[in-house]
Amino acid sequence: MEGESILKFRSICRRNGLDISDDQLRKLQEYVTLLKEWNAKVNLISRSDKKDIWFAHILHSISPTLLFRIEPGLRVLDLGTGGGLPGIPIAILRGDLKVTLADSIRKKISAVQDILSRLQLHNVEALVCRAEDLPTVPGFQPVDLVLARGVAPLVDLMKWSKPLLTKVANHRSSTKGFLPTPCLVAYKGGDITDELRSLTKRFASASVVVREIVFDGSEEIDLVEKKLVIIQIQ
């Protein structure tokens, strides 16, 4: 059953211009195994999603790479990473990115650090830290991209992300098809009308783009009403 999911996952990625190498696929499979192993001890993903992990978690996590081109070498922060989602799958596919995983729950970061060690992912670090405290962490540098998957309302995510994002605009990212940076990318689902209203009221200068997670093959999997909210402060 999982073998069928893996083949379908790889096929969907390929159909959308993302050719996953055998080594990347092996690392993703190893990550899924470790995530399930740790989930038996620490609540990292919901039990209802375990049977559909390749689509509900892995494909959902990497959806920005299917919908946008992402500039090489960016500094990326996965805020409220939980079990390493979306940061670890993206880091596996994009070894050029410098990824920081942050969560305030120590046992989750302990699990993630073990996973990173066993995967030998050298472009990723994991921190036990609240979002508000990240600027005070020794050595922390502003990031180009904040990712947040199911963490908090948009207004809170932007309040936390604004001090963490670099103030230097990436002019190449304004090219058509590129993800504009610096920005916050929030993974959301369902009706977010109220969240958007609160966000634009609090951050009047924010540029907000809502992108439905729709691509070739998305209709075959359960990503209904899933969307990415891309927020930039002008």
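The values are calculated or read from the model by the stated rules, or taken from the named source; none is laboratory data. On a predicted model such as this, the values are computed, not experimentally measured, just so you know. Methodologically, a virtual Cβ is constructed for each residue, glycine included, from the backbone with ideal geometry; neighbour enumeration extends over all protein chains shown. Areas reflect the complete protein model, heavy atoms only, side chains present, ligands, DNA and RNA absent. Shrake-Rupley method; radii C 1.70, N 1.55, O 1.52, S 1.80 Å.
Points worth noting:
- The set of residues from the range 124-145 being modelled with pLDDT of 95 or more and more than 19 Å from LYS108 (Cα to Cα) comprises PRO142, VAL143, ASP144, LEU145.
- Pairs, first in a loop (DSSP other than H, G, I, E, B) in the range 128-140, second small (Gly, Ala, Ser) and crowded, with 16+ Cβ neighbours inside 10 Å, C-beta under 8 Å, six or more apart: CYS129/ALA102
- Residue that is free of Cβ contacts under 8 Å to residues at least 24 places away in the same chain and either part of a helix (DSSP H, G or I) or within 30 Å of LEU134 (Cβ to Cβ) (or both), where the choices are ASP19, ASP23: ASP23
Quick grid of which residues meet (1) modelled with pLDDT under 95; (2) closer than 18 Å to VAL76 by Cβ; (3) out of contact with any strand residue (DSSP E or B) (no Cβ under 9 Å at 6 or more places or on another chain):
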| residue | (1), (2), (3) |
| --- | --- |
| LYS162 | no, yes, no |
| VAL168 | yes, yes, yes |
| PHE178 | yes, yes, no |
| GLU195 | no, no, no |
| PHE203 | no, no, no |
| ARG211 | no, yes, no |
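- Any hit, the range 159-168, residues being in contact with a Leu (Cβ under 9 Å, 6 or more places away or on another chain), open to solvent by less than 60 Å² (accessible area, probe 1.4 Å) and among the hydroxyl-bearing types (Ser, Thr, Tyr): yes
- The range 101-112 - residue that is surrounded by 24 or more Cβ atoms within 10 Å (Cβ to Cβ) and not acidic (Asp, Glu) and, of those, nearest to the chain's Cα centre (by Cα): LEU101
- Taking the criterion of being open to solvent by less than 40 Å² (accessible area, probe 1.4 Å), among the aliphatic types (A, V, I, L, M) and over 24 Å from PRO163 (Cα atoms), the residues of the range 202-234 that qualify are ILE213, ILE221, LEU223.
- Any hit, the range 39-61, residues being more than 30 Å from ALA169 (Cβ to Cβ), polar (S, T, N, Q), open to solvent by less than 40 Å² (accessible area, probe 1.4 Å) and modelled with pLDDT under 95: yes
- The range 116-134, residues that are out of contact with any strand residue (DSSP E or B) (no Cβ under 9 Å at 6 or more places or on another chain) and open to solvent by less than 70 Å² (accessible area, probe 1.4 Å): LEU119, ASP133
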